[in-house]
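Read-outs: derived from the displayed coordinates by stated rules, not from any lab. Please read all numbers here as calculations on a predicted model, not as lab measurements. Positions of Cβ are backbone-derived with ideal geometry, glycine not excepted, and every protein chain shown enters the neighbour counts.
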Amino acid sequence: MTLNQSSIMKKKLRLLVVFIALSLPGFADEGMWLPQLLQALNEKQMKKLGMKINASDIYSISKGSLKDAIVSFGGFCTAEVISDKGLILTNHHCGFDAIQNHTSLEKNYIQNGFWAYSFGQELPNRGLTATFIVRIEDVTDQILKETAGISDEKERQSRIDKNLAELRKNYKKESYEDILVRAFFEGNKYFLFVTETYKDVRLVGAPPASIGNFGKDTDNWMWPRHTGDFSLFRIYADKNNKPAAYSPDNVPYTPKRSLNISLKGLKQGDFTMVFGFPGRTNQYLSSEAVRQVMEVSDPAKIAIRAKVLGILNERMRRDEQIKIQYAAKYASVENAYKKWQGEVLGLRSSNALQRKKDYEQNFMQRVNANPAWQSAYGTVLQELTDKYRQIEPYALARDYFTEILPRIELMGVAANLNGLVNAIEKDSTAFTKKKEETLHNLEDLFKEFNAGVDQTLFATLTEKMIKEQPASYLSPLLLERYNNHQQQTGAMAESLYQASSFTSLDKINALLNTSASGAVQAIRNDPAMQLYSSMTKTYGSEVGSKWSELQASINKLQRTYMKAQMEVFSEKTFYPDANSTLRVTYGNVKGYKARDAVTYDYYTYMDGIMEKYKPGDYEFDVPQKLIDLYKRKDYGAYGVNGKMPVCFIASNHTTGGNSGSPALDAYGNLVGLNFDRVWEGTMSDINYNPEICRNIMVDIRYVLFIIDKYAGAQNIISELKLVK
């Protein structure tokens, strides 16, 4: 690198630093930070809070660093490498779908747990991946090239897409690497992530759900918590340690870096850091957007999911097979359902809407005092308010559509078969190949399908949609069938499920056992496909297109508002919203005051499990072996003064996607596994409040205790690097 190149790069970094943050954080605990910028932005503050390592130990491309032990697990969670043989640790709920897929009535790994005591016993998982970040680069100039004078959003996006395609074409990378480009600060900045994805990920161990999901629905999003929310997988590679599809010849992956595990534990005020892939936050919304979330969108989605959960809960409690089939779906539905409830509660109790309005008033006072700002930003907030009010009915209808259709598996089957029809119409010679792909997808769907349950869901949810949405937003065919059945959705559902061939894989195989043209005709004539087509067409023309048009205007205004905030409040810290890219968040171990006269400590112990224990209960039963270990105080090297630590909380700013993220101590050692947030602080995605926002982690010593003393998996323990 020449001196001139070095000077230019340093100048760009300084400009980026100014763009992101012109001062130290207002709240030390808040923020989801890009790891490659920690040295410039955060290192000094992190060390002030207690960190003992350097930013280069966290992220480096010239040497092994902590980032090389962090993986995106399946694209929906985080995991971390904890041995030199590719062993990775994530949450039980992150690995639950894989656990469920291997579960049957004969081998009930959900109920009994699963442990591989040798490499040969580890179970492959079709489609499950583990993705590493190789390096991160600022590509704003390349992506936004020739966009400055474009006012039309579609035209601007088209230019960005062309720039992205050009970047992908010319970017130099290894054949086994890929690149991912993400927008930051509402499209004002862009970063490129070079990734390496491994496609052979095998299940190694998981505790029974009575440990891994102890407390289930009641305790979800709550503190105090006593959940051993972990599972273990292993990454496999080819003989050259490179990504490869599953093969019996693959070998355990040798990582660039694996985490050391500390048995020391933590105390009040200790530094903690969470490293992972947070999904989505919206910290910089306008007050009107927050009002819509709090008063319209969240309540609607909560009500829909309450109906779904009521049906599933009743059927799962009566039938063990249905319980196995729908366990992952139930957990997924319930997770967001309860999160949205906490979000509304937190937004209201923290007076978030008024705080936003006060912030906007301050913003406008500054804007109006500066002629240049007034010209550029003087109307942006009012325009945002107007657009949000216009989009509200369409956004609500969209919530109904996107919440209801995915809960009805019959519509999911129709969507898969509709994709087959579209593929055949484009290329009839591809019928055999596309048919096999579709049947492959449907095999997985039908493993978790019960026609009776689905019929009840259809009847209940379509009734809610029909009664609560304007007729103009509803499918004419749905309304016709509803009226033909005397406005009884139960009768309408029974008729549909009896007449459709989409209710079993055998019927679908028979339907497709013909020519391409015959299959297309049979699919189109099925009453479920006719209804699916009518519902999606109506949604697209009456809701989706109008929502998209308004949302494009909002996106443009939000980009301007984001830029304006960063200029107008030059003394304020601005970190980028989460967008499923690698981030670091840091804070300290601490309790919190939930409400008047209710203050929580920062640690829980196994004593609390036994206090909650209810023999035979769906949520709070405990395996007898765990009870026996507790009675004997047989905690091995993992207990402290006759007690077994289970979970702890800290002020790390986390969100969905951070599930499975490692909790690291001041030296970068693994001390816990992030899995949740406290209910009062779930509004942190929109309005972070340092007084009550806490993330919940299972103590690594409890994880080791379960692996060692409960499962007797010494083969796993022997792989780990334990430090005191």
>> Using the crude model of +1 on Lys and Arg Cβ and -1 on Asp and Glu Cβ, and no other charge, please compute the dipole size for segment 126-269 relative to its Cα centre, in debye to 20.
In response: 520 debye
>> Given an 8 Å cut-off on Cα distances and at least 6 residues of separation, report the relative contact order of segment 287-566 as a percent.
In response: 25 percent
> How large is Rg/Rh for segment 438-492, to two decimals, with Cα atoms and a Kirkwood Rh?
Replying inline: 1.10
> Put +1 on the Cβ of every Lys and Arg and -1 on every Asp and Glu Cβ in the chain; which of T536, V520, M222 then has its Cα farthest towards the positive end of the dipole?
Replying inline: M222
>> Averaging the inverse of every distinct alpha carbon separation and then flipping it gives the Kirkwood radius. What is it for segment 491-640, in angstrom units?
In response: 24.1 Å
>> Taking only the Cα atoms of segment 331-442, how large is their convex hull per residue, in Å³?
In response: 181 Å³
>> Using DSSP H assignments, which helices in the chain have an axial alpha-carbon span of 27 Å or above and a mean Kyte-Doolittle hydropathy of -1.0 or higher?
In response: 298-318, 320-349, 380-404, 545-568
>> Give me, ordered by chain and number, the residues 5 or more places off A237 or on other chains with an amide H under 5 Å from its own placed amide H.
In response: V251, Y253
> Which percent of Cα-Cα pairs in the chain sits in each 20 Å bin, short to long?
Replying inline: 16, 48, 33, 3, 0
> Regarding segment 287-566, what is the average projected area of its C-alpha convex hull, in nm²?
Replying inline: 17.9 nm²
> What list do you get for T254, T432, T281, T103 if you sort them by fewest beta carbons within 10 Å?
Replying inline: T432, T254, T103, T281
> Which lysines does K546 reach when only Cα atoms under 24 Å apart count, and residues fewer than 8 places away in its own chain are ignored?
Replying inline: K154, K301, K387, K464, K467, K537, K556
>> So in the chain, which Cys have no other cysteine's beta-carbon sitting under 4.7 angstrom from theirs?
In response: C647, C693
> Say a paramagnetic label sat at a point 7 Å from the Cα of D152, along Cα to Cβ; which residues of segment 556-578 have their backbone N under 18 Å from it?
Replying inline: 556-557
>> Contact order normalised by length for the chain, with contacts defined as Cα pairs under 8 Å and 6 or more residues apart; what percent is it?
In response: 24 percent
>> In Å and on Cα atoms, what radius of gyration and Dmax does segment 30-186 show?
In response: 20.9, 65
